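J.: One structure is given below, represented as structure tokens, and several questions about it will come after.
Since every read-out is calculated from the coordinates, none of them should be taken as a lab result. Note that this is a predicted model, so its numbers are computed, not measured. Cβ coordinates were reconstructed from backbone atoms using ideal geometry, including for glycine residues, and neighbour counts include every protein chain displayed.
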Amino acid sequence: AQSVTQPDIHITVSEGASLELRCNYSYGATPYLFWYVQSPGQGLQLLLKYFSGDTLVQGIKGFEAEFKRSQSSFNLRKPSVHWSDAAEYFCAVGVGNQGGKLIFGQGTELSVKP
Amino acid sequence: DGGITQSPKYLFRKEGQNVTLSCEQNLNHDAMYWYRQDPGQGLRLIYYSQIVNDFQKGDIAEGYSVSREKKESFPLTVTSAQKNPTAFYLCASHRTGLGQPQHFGDGTRLSIL
């Protein structure tokens with residue numbers, strides 16, 4: 001079955017510290033993978049996407065993610081977290097014949113300590 | 001500016017009442033989606049449409065209905081059959097093509113009076 005798992009429901013990091021949010025997927029074909037961010041009461045904003053080529057993908061706001069096929073993972077990273085990064089983060093895999101339909105993980109809520 | 005507009009931002013429903021959530025996009029996207037978001041449950045797909053006059057049920061379609069009469073519009077009706085409608089509803093769209101990302105509106109929060 002197709003699924004996405006984000007093992008960490010809530011993570012707290014100090015401002016300026018590095019961040020890694022975990023995402024594991026289950027999908028039989030080559031996956032289309034996405035990371036989105038959501039501020040409270042808002043819609044989702046695309047951070048980055050992967051569907052072929054370089055396995056290290058750069059996104060907006062200084063985020064990057066690495067696709068590891070052997071581990072079925074697509075972890076999101078940022079070298080230095082800012083207080084404005086506090087939000088909820090969703091990993092998703094695109095399914096269907098063009099990968100447009102998304103299956104989302106449960107989300108990881110990020111808190112940032114001053 | 002192009003984007004997805006959801007209205008209203010807040011909506012209240014009385015018992016036995018149907019309510020309709022609006023979703024309009026001016027991105028010229030073919031595909032549109034409706035999700036329900038509950039705390040701790042991520043996003044669950046209600047309905048989606050890949051072309052005008054056609055739509056498919058998602059994972060939690062019971063108690064909901066949609067129409068797609070125009071490319072720009074994909075309204076969602078929450079019927080009285082939906083017994084637990086309190087949630088945050090998100091509309092999204094994307095263009096045709098491999099791995100096209102979905103773009104989201106700012107959501108509608110529906111509550112029961």
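J.: Under 27 Å Cα to Cα from residue A:49, which lysines show up? Leave out anything in the same chain fewer than 8 places away.
T.: Correct list for residue A:49: A:61, A:68, A:78, A:101, B:57, B:71.
J.: Of A:4, A:73, A:96, which is farthest on the positive side of the dipole of the stretch A:1-102, counting Cα position, with +1 on Lys and Arg Cβ, -1 on Asp and Glu Cβ, and the Cα centre as origin?
T.: A:96
J.: Work out the length of the dipole vector of the stretch B:48-94 about its Cα centre, built from +1 on the beta-carbon of each Lys and Arg and -1 on the beta-carbon of each Asp and Glu, and round it to the nearest 20 debye.
T.: Magnitude of the dipole: close to 60 debye.
J.: Would you mind classifying chain B by shape? Square roots of the alpha carbon gyration tensor eigenvalues, ordered a ≥ b ≥ c; an a/c under 1.5 is rounded, otherwise it is prolate if a/b is larger than b/c and oblate if not.
T.: Because a/c hits 1.5 or more and a/b exceeds b/c, chain B counts as prolate.
J.: If we count other beta carbons within 10 Å of each Cβ, what is the order of B:74, A:90, fewest first?
T.: By the 10 Å Cβ count, ascending: A:90, B:74.
J.: Taking the Cβ of residue A:40 as the centre, find all other residues whose Cβ is under 14 Å away and add up their charges (Lys, Arg: +1; Asp, Glu: -1).
T.: My count for the surroundings of residue A:40 gives -2.
J.: With +1 on each Lys and Arg Cβ and -1 on each Asp and Glu Cβ, and nothing else charged, work out how big the dipole of chain A is about its Cα centre, in Debye to the nearest 20.
T.: That gives chain A a dipole magnitude of about 240 debye.
J.: Order of B:71, A:101 from fewest to most other C-beta atoms within 10 Å?
T.: Result, fewest neighbours first: B:71, A:101.
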